[in-house]
1. Using only the Cα atoms of the range B:36-118, what are the Rg and Dmax in Å?
2. How big is the gap, in Å, between the Cα center of the range A:32-89 and the Cα center of the range B:36-57?
3. Quick one: longest stretch of chain B between exposed loop trypsin sites (Lys or Arg not before Pro), exposed meaning at most 12 other C-beta atoms within 10 Å and loop per DSSP?
4. Using modelled amide H (1.01 Å from N, peptide plane; none on Pro or chain starts), what sits under 5 Å from the amide H of B:Leu353, excluding residues fewer than 5 places away?
5. In deg cm²/dmol and to the nearest 500, what is the mean residue ellipticity at 222 nm of chain B if only DSSP H runs of at least 4 residues count, each as -39500 (n - 2.57), divided by the residue total?
6. Please give the Cα centre distance for the range A:188-236 versus the range A:108-170, rounded to the nearest Å.
7. Normalised by the number of residues in the range A:92-230, what is the relative contact order in percent for Cα pairs under 8 Å and 6+ residues apart?
8. How big is the gap, in Å, between the Cα center of the range B:95-137 and the Cα center of the range B:183-202?
Amino acid sequence: MRIDAKGMHYRPMNKMIRDAVAAGEKEFELDNIGGQRYIGGGLNDSVKITINGTPGNDLGAFMNGPRIVINANAQDGIANTMNAGEIIVHGSVGDIIGYGMRGGKLYIKGDAGYRVGIHMKEYKKQVPVIIAGGTAGDFFGEYMAGGIMILLGMNGKSPIVGDYVGTGMHGGVIYIRGKVNPYSLGKEVNCLELNEEDKKLIGSYLKEYCEHFGFDLVEVMSGNFTKLVPLSHRPYGNLYVY
Amino acid sequence: MKCDGLMNPEVSKTSERVHQRIPSGCAISGMMSEEGRRIDGRVIIKSIACMHDRSNGLGGGFAAYGIYPKRKHQYAFHMMYDNVEAKEATEEIFKDIFNVDMDEPIPTHRENGISNPPLLWRYFLEAPENKLEFISERDYVMKMVMRINSEVEGAFVASSGKNMGAFKGVGYPEDIGKFYKLEDYSAYIWTAHGRFPTNTPGWWGGAHPFTLLDWSVVHNGEISSYGINKRYLEMYGYRLELRTDTEVIAYLFDLLVRRHKLPIDKAVMSLASPFWKDIDRMEPEQKKIATAIRQVYGSSLLNGPFSIILGHSRGMIGLNDRIKLRPMTAARKDDMLYMASEESAIREIAPDLDEVWSPRAGTAVIGTLKEEVE
């Protein structure tokens, strides 16, 4: 199904998509998108949505299955509390992406904004993954409770990540392709080198990632990665005790 | 409070609406031609309308620079009056304090969505020379703006700069833009605001932009340091009467840049100053400057979440709070500089851009009119 979204409000457009999904439609191409919010929000089926234009905030919120390909930059709040599916952004994204994300993949070719993956979480096989090819702002992985985040810094901009990385982190793992200044790290984070298992793990996701965007996997893997893990699974356990 | 119930007869009805939980935030958008090319108001309306869902109909407004080229040496006062008595009282004062060269109603077009506008009038004024013996012209005009805002019941100055004007009110910004017939104005800088009032009332004088002389500010967020900033400004003769936090930003720029003559980047540093932990790591020279600014201008530090676009006669400045709690995207295309809460609002009016970026927290985006442009 092809929708010309020029001048269309998000409500009728998203209803059109939901109704078509209920009727069995599997593939959507949305043209002339300009700021419409909540695209793919709450959808449970494994449909494919291609977006031409700049989609609005909270794209893929509570999404549970679809694959969304965005041929532009995306804005704030995408993959909010997303449960399953894939979002592939051929550009950069705004702030607060992957907030409370609990499954699925979010692959970004360019930069990510502030507050990426705040309070991401995982449960058994439900492991959310965010990969960004460029840089990210402050509060990367703040209060992270689970999942995997990989930041590649491929565009050479500096610093690769802002301050307060992993502040309050108590689960999950962050891989950053490059050095992170100690003063940029949250107090709850431990900085490690990659072991073979790590390389295998990120290799499998990065292979997929590189295929989407045409990056050279060997070159991506050749970087010096920093691994960040939480020092404790309950950093504030004693905060209100004494 | 001088403005209780003023210019907003629907205050009880609208306040009920405010308490509904609507996921939203204000919208801001700005555009400027660094070559000084003038663009009519339909373009900025289109941009701000793209973010309709960020506001709730309780405030919209625009600032435009370069709109009165034939009277560019006179102060253009855009006035809002609650009633004819307020207009007469203000005009009595104007006769005494200014030379009034011309006055006329601000042209409007009644549209759906705009109800009960105040009386809207504009004046082209000159400051009489005999009044300027012991005071600079702009200090004099600033004082008169403060006097009218605080002393004349039911009268507010919406804008008071040269060759610029603010057009604002209660409604969605796209409706306000049509109401003021912005298609009839051409400007080299436009800023726009769609309001979603949270802590302060939605009334005509409280809509953005907030202005003083050439300064105008549109703002998404809230200034938690309002009390400190207000007391600081009051020491310098500013009177804060508009019951909205954003007012302090316009006056702080007037104080820091016009009166204290700080360069724009240092003024910005005082409003969104670096954290002490970052100052500790600076090179000695930078460290000295940042420390001095924090020490001298501690009371002008803006706390709380904000993204703002400041307009002035020579340029446009975008700024975020120090940890980027509100969104801002900037973009360039040829001589055009754009800033908005959302990238889609820029793409709506400029689909092909040379450059798009998200400014970092506390880092200003500064657009400056080319020097040769008058």
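1. Considering the range B:36-118 through its Cα atoms, Rg and Dmax are 16.2, 45 Å.
2. 25 Å
3. For trypsin sites (Lys or Arg not before Pro) (loop position, at most 12 other Cβ atoms within 10 Å), the longest site-free span of chain B is B:111-260.
4. For B:Leu353, whose amide H was placed from the backbone, there are no distant partners under 5 Å.
5. Working: 11 runs with 98 residues, N = 374.
Here the helix-only value at 222 nm equals -7500 deg cm²/dmol.
6. 11 Å
7. Details: 381 pairs, mean separation 26.7, N = 139.
In percent, rounded to a whole number, it is 19.
8. One Cα centre to the other: 19 Å.
All of the numbers you see were taken from the coordinates with simple rules; none came from a lab. As the structure is a computational prediction, the values presented were derived from the model and not from experiment. Because the Cβ atoms are built from the backbone with ideal geometry, glycine has one as well, and the counts that use them run over all protein chains shown.
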